[in-house]
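Trainee: The following block contains the structure, expressed as structure tokens.
What follows is calculated from the coordinates using simple rules that are stated; it is not laboratory data. Values in this document were obtained by computation on a predicted structure and should not be read as measured data. Cβ: placed from backbone, ideal geometry, glycine included. Neighbour counts: every protein chain shown.
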Amino acid sequence: MTDVLVVGSGFFGLTVAEQLANDPGLKVHVIDRRSHVGGNAYSEAEPTTGIEVHRYGAHLFHTSNERVWDYVNRFTTFTDYRHHVYSTYRGEVFPLPINLGTINQFNRSAMSPAEARAWVTEQAGTAFSGGAAAAANLEEKAISLIGRPLYEAFIRGYTAKQWQTDPTELSADIITRLPVRYTYDNRYFNDRYEGLPTDGYTAWLERMADHPNITVSLDTDFFDEGQPLNKAATVGQLPIVYTGPVDRYFDHAHGPLGWRTLDFESEVLPIGDFQGTPVMNYADEEIPYTRIHEFRHFHPERDYPSDATVIMREFSRFARAGTDDEPYYPVNTADDRTALKAYRDLVDGESGVHFGGRLGTYQYLDMHMAIASALSMVDNVLRPGLVRG
Ligand code: UDP
């Protein structure tokens, strides 16, 4: 007997499943079309070196949300990893996010914080006199924050490769994720809590699913009518939490929503250290990849081989609708927003089905955000509704 069906075993789906399995003790069936749990947070050991590789791109856990931090610590401990990123621009390496060190290296200067601020304000020009708050798109936001020369060096080429969309059509939110600092602090995230799961993402995700009330069926596609828990057989029969793509659920009735997908090229190299840091971005537009990850540096505390390393080049392109391209980043153009609104109306009419997570809501969610939103759906919608039901 199943009380609730959860479609998708990423952080959103597993959080909902774990919460409902514990309280009120419902029988939860989680299905996933992939052959592993965890969605894009899944990681595995590269077989020849044992180095943990994040198969769907690097995942760095950080949050300032006390409740989320307490919750995730029930399933794993965290290392004291602190994320740092560097960027190669025209053959020179600079620290990110853009900070006083980046600004002074870029200008070959020794400006104080106040001098650097004045320089940026001058370079930002008068176009956005309302400052960052008045900026309507990614380009205006970036220029208001860091001025035109730094935008052109570190943001324009990278963003062109990452999005292939005119930066004036991209949402200012994308860049709001990157802090700008007038100190030499180059920690990538501002959050209070940060770390990587001590024994890896997969162990953490599997612990979330490890409950007598939870059944997980892998290689099980919700849209495959050959398997019993398919859409036609389950909608209206039992409560469903759906974390797959919202447009796919409605057979693309309002057209496909735009997504970016990533291609990864991994290599095992016979050297102990390739780049000396976990993530190196490549700002130049001529270099086809956006960044290179070197996974050993995510876990300096582990006993990894000293004569081998695993690197992964990341390439970004449009996902082709109706193919196996994995959707990673919502593009969110004006057309996408119009279609999303129409899908939201369909969602409102689909009683008994709850849409959540990055794909189900067409929103870029960090892991901690997916978990926080799952916890609030459980508190505000699922527990009250299911208990009443
Ligand atoms: N970005 C950039 N240059 C960089 C790093 C980031 O222009 O070197 C911009 C780019 O538009 C990117 C956004 O900032 O999409 C967010 O980048 P971040 O690396 O934080 O996001 P992630 O892709 O890791 O989720």
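Trainee: To the nearest 20 debye, what charge dipole does segment 188-307 have about its Cα centre, counting +1 at the Cβ of each Lys and Arg and -1 at the Cβ of each Asp and Glu? Write down the numbers at each step before the final one.
Mentor: Details: 8 positive and 22 negative charges, 113 e Å.
About 540 debye.
Trainee: Working out 0.36 nm times the residue gap between Asp379 and Thr338, then minus their Cα-Cα distance, what length gain in nm do you get to one decimal?
Mentor: On the way: separation 41, 0.36 × 41 = 14.76 nm, distance 2.97 nm.
Contour length minus Cα-Cα distance gives 11.8 nm.
Trainee: Relative to the present Cα-Cα distance, how much length would full extension add between Val268 and Ala160 at 0.36 nm per residue of separation?
Mentor: Details: separation 108, 0.36 × 108 = 38.88 nm, distance 2.85 nm.
Length gained, Val268 through Ala160: 36.0 nm.
Trainee: GNM, the chain, Cα, under 10 Å: largest mean-square fluctuation among Ala203, Ala134, Ala41?
Mentor: For the chain, modelled as a Gaussian network with Cα springs under 10 Å, the answer is Ala134.
Trainee: How far apart, in nm, are the 7 Å Cα→Cβ label points at Arg187 and Asp307?
Mentor: About 3.9 nm, to one decimal.
Trainee: Springs between alpha-carbon atoms under 10 Å, Gaussian network over the chain: tell me which of Pro47, Pro97, Pro228 tops the mean-square fluctuations.
Mentor: Sorting by GNM fluctuation, first place goes to Pro47.
Trainee: Is the shape of segment 145-258 rounded, prolate or oblate, going by the alpha carbon gyration tensor and its root eigenvalues a ≥ b ≥ c, with a/c under 1.5 for rounded and a/b larger than b/c for prolate?
Mentor: Values: a/c = 3.55, a/b = 1.61, b/c = 2.20.
Oblate, because a/c is 1.5 or more while a/b does not exceed b/c.
Trainee: For the chain, give the magnitude of the charge dipole about the Cα centre (Cβ charges: +1 Lys/Arg, -1 Asp/Glu; no others), in debye to the nearest 20. Present the calculation step by step, with values, prior to reporting the outcome.
Mentor: On the way: 34 positive and 53 negative charges, 170 e Å.
Value, rounded to 20: 820 debye.
Trainee: What full-extension length gain, to one decimal in nm, is calculated for Gln227 and Thr48 as 0.36 nm per residue of separation minus the Cα-Cα distance? Display every interim value, and only then the final one.
Mentor: Working: separation 179, 0.36 × 179 = 64.44 nm, distance 3.60 nm.
Gain on stretching Gln227 to Thr48: 60.8 nm.
Trainee: With a ≥ b ≥ c taken as the square roots of the eigenvalues of the C-alpha gyration tensor of segment 26-142, please select rounded if a/c is under 1.5 and otherwise prolate if a/b is larger than b/c or oblate if it is not?
Mentor: Numbers: a/c = 2.52, a/b = 1.90, b/c = 1.33.
Prolate.
Trainee: Please arrange Tyr184, Tyr193 by how many other C-beta atoms lie within 10 Å of their C-beta, fewest to most. Mind showing how you got there, number by number?
Mentor: On the way: Tyr184 12, Tyr193 18.
So the residues, fewest neighbours to most, are Tyr184, Tyr193.
Trainee: Continuing with the same structure: When the helices in the chain are scored as -39500 (n - 2.57) per DSSP H run of 4 or longer and the sum is shared across all residues, what 222 nm value do you end up with, to the nearest 500 deg cm²/dmol?
Mentor: Numbers: 14 runs with 114 residues, N = 389.
One gets -8000 deg cm²/dmol as the mean residue ellipticity at 222 nm.
Trainee: Two decimals is fine: what is log10 I(q)/I(0) at q = 0.17 Å⁻¹ for segment 98-179, from a Debye sum with one equal scatterer on every Cα and no solvent?
Mentor: -0.65
Trainee: Can you classify segment 290-389 as rounded, prolate or oblate using the Cα gyration tensor, where a ≥ b ≥ c are the square roots of its eigenvalues, rounded means a/c under 1.5, and otherwise it's prolate if a/b beats b/c and oblate if not?
Mentor: Numbers: a/c = 3.52, a/b = 1.61, b/c = 2.19.
In terms of gyration-tensor shape, oblate.
Trainee: State to the nearest 20 debye the size of the charge dipole of segment 59-190 about its Cα centre, where the only charges are +1 on K and R beta carbons and -1 on D and E beta carbons. Can you show the working numbers first?
Mentor: Working: 13 positive and 13 negative charges, 52 e Å.
Using Cβ point charges on Lys, Arg, Asp and Glu, segment 59-190 gives about 240 debye.
Trainee: A further question on this structure: Just to be sure I understand: with springs between alpha-carbon atoms less than 10 Å apart, which residue in Phe355, Phe298, Phe250 has the highest mean-square fluctuation in the Gaussian network model of the chain?
Mentor: Per the Cα network of the chain with a 10 Å cutoff, Phe250 tops the list.
Trainee: Return the percentage of antiparallel bridges among DSSP beta bridges fully within the chain, rounded to the nearest 5 %.
Mentor: Bridges in the chain that DSSP calls antiparallel: roughly 65 percent.
Trainee: Grab the other residues whose beta carbon is less than 10 angstrom from that of Phe318, score K and R as +1, D and E as -1, and report the net. It would help to have the intermediate numbers written out before the result.
Mentor: Numbers: positive: Arg260, Arg317, Arg320; negative: Asp325.
Around Phe318, the surrounding residues sum to +2.
Trainee: Here's a follow-up. Residues in segment 241-266 near a label at Ala321, defined as backbone nitrogen under 14 Å from the 7 Å Cα→Cβ point?
Mentor: 245-260
Trainee: Here's a follow-up. Tell me the GluC sites (Glu not before Pro) within segment 108-208 that lie in a loop according to DSSP and have at most 15 other beta-carbon atoms within 10 Å. Walk me through the numbers before you get to the answer.
Mentor: On the way: sites: Glu115, Glu122, Glu139, Glu140, Glu152, Glu169, Glu194, Glu206; in loops: Glu169.
Listed in order of number, the matching sites are Glu169.
Trainee: Still on this structure, please answer the following. How big, in percent, is the set of alpha carbon pairs in the chain lying more than 32 Å apart? Intermediate results must be reported in sequence, preceding the final value.
Mentor: Values: 29645 of 75466 pairs.
When all Cα pairs of the chain are counted, 39 percent exceed 32 Å.
Trainee: Tally Lys/Arg at +1 and Asp/Glu at -1 over every other residue whose Cβ is under 15 Å from the Cβ of Thr15; what's the total? Working shown, then result.
Mentor: Values: positive: Arg67, Arg74, Arg207, Arg358, Arg383; negative: Glu18, Asp23, Asp32, Asp70, Glu206, Asp210, Asp366, Asp379.
Around Thr15, the surrounding residues sum to -3.
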